[in-house]
Amino acid sequence: MALLLEHEFKPLPADKQIETLPFLEAVAHLPPFFDCLGTPIVYSPVKADLAGNIKKIRAVYDSDPAKFKTLQNILEVEKELHGSAWPKTGATLALMWLKRGLKFILVLLQSISDGERDEEHPNLIRVNALKAYEIALKKYHGWMLQKLFTGSVYALPYKSDLLKALEKGKEVKEEESIEKIHQFLARVTPILDAIYEMYTKMNAELSYKV
């Protein structure tokens, strides 16, 4: 799957310390995923948000690569630096929203690869997208955004068109595409789980709505 496997994520180390630079370099290839979903009025802002958060974290990392070698270093240093304003500030806040965008992508792809579908319309991905939205983003969105997102599922591409877009237009058998999704999920899911775990342990998760 050209788009998803273009730049591989490093395996999660045993100590779960995620190196900042390799993570950012890998994740920087994922914002175009949202182009594959169509509906620019909904997904273009999500794409821009994802890319913007990557840029913010990269700027903090570039300011002192040794100090911010891992994602945990970023949270620890910023907690000390920003005091009571933390965690709603800096790269800590950017990574919080970035992980939610990634969660949406992963839940959507996991649901498709697990074969979850509307039996009456098996080539639609509404069921998968709604599940991803419910799990990853809905509780952080106000009423207007929730309405916009749930309405947008009726304009999503067919599953076959999404898989073709992820292959950058190449005709590939569905089984091959699903296998590539499995490879992507196997590499990225443990990393994302570790980031969520880090936010919980450091009491850095926020639940405000936008």
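The values are calculated or read from the model by the stated rules, or taken from the named source; none is laboratory data. From a predicted model like this one, the values you see are computed outputs, not experimental measurements. Heads up, the Cβs are rebuilt from the backbone with ideal geometry, glycines too, and the neighbour counts pull from every protein chain shown. Just the protein is used for accessible areas: all its heavy atoms, side chains included, with ligands, DNA and RNA removed. Shrake-Rupley method; radii C 1.70, N 1.55, O 1.52, S 1.80 Å.
Just a few scattered comments:
- For the chain, adding -39500 (n - 2.57) for each run of n ≥ 4 DSSP H residues and dividing by the number of residues yields -19500 deg cm²/dmol at 222 nm.
- Here the Karplus relation 6.51 cos²θ - 1.76 cosθ + 1.60, evaluated at θ = phi - 60°, turns the backbone of region 114-127 into coupling constants of 7, x, 5, 6, 7, 4, 7, 9, x, 9, 8, 10, 4, 4 Hz, with x for every Gly and Pro.
- Over region 1-94, the hull volume per residue, using the convex hull of the C-alpha atoms, is 103 Å³.
- Among the trypsin sites (Lys or Arg not before Pro) within region 141-210, those in coil by DSSP and having at most 14 neighbouring Cβ atoms inside 10 Å are Lys168, Lys170, Lys173, Lys209.
- Within the full protein context, the accessible area of Ser84 is estimated at about 120 Å² for a probe radius of 1.4 Å.
- Per DSSP, loop GluC sites (Glu not before Pro) in region 85-144 with at most 15 further Cβ within 10 Å: Glu116, Glu119, Glu120
- Other residues lying with their Cβ under 15 Å from the Cβ of Pro40 contribute a combined charge of -1, Lys and Arg counting +1, Asp and Glu -1.
- Taking chymotrypsin sites (Phe, Trp or Tyr not before Pro) across region 109-210, the ones in a DSSP loop with at most 12 further Cβ atoms lying within 10 angstrom of their Cβ are Tyr208.
- This model, with +1 at the C-beta of Lys and Arg and -1 at the C-beta of Asp and Glu, gives region 1-85 a dipole about its Cα centre of some 100 debye.
- Under 20 Å from Lys10, Cα to Cα: aspartates and glutamates that are on another chain or at least 8 residues apart: Glu19, Glu25, Asp62, Glu179, Asp193, Glu197
- Accessible surface area normalised per residue over region 1-89 is 51 Å², counting heavy atoms of protein chains with a 1.4 Å rolling probe.
- Expressed in Å, the radius of gyration and Dmax of the Cα atoms of region 39-155 are 17.2, 54.
- Helix axis angle, 143-152 relative to the chain longest principal axis, alpha carbon, degrees: 40 degrees
- Across the chain, the relative contact order, built from alpha-carbon pairs under 8 Å that are at least six residues apart, equals 27 percent.
- Ordered from longest to shortest, the equivalent ellipsoid semi-axes for the chain are 30, 20, 14 Å, each the square root of 5 times a Cα gyration tensor eigenvalue.
- Placed amide H near Thr70: partners under 5 Å, 5+ positions off or other chain: Thr20
- Each listed q (0.19, 0.22 Å⁻¹) maps to a log10 I(q)/I(0) for region 1-52 from the Debye sum over equal C-alpha point scatterers, namely -0.71, -0.84.
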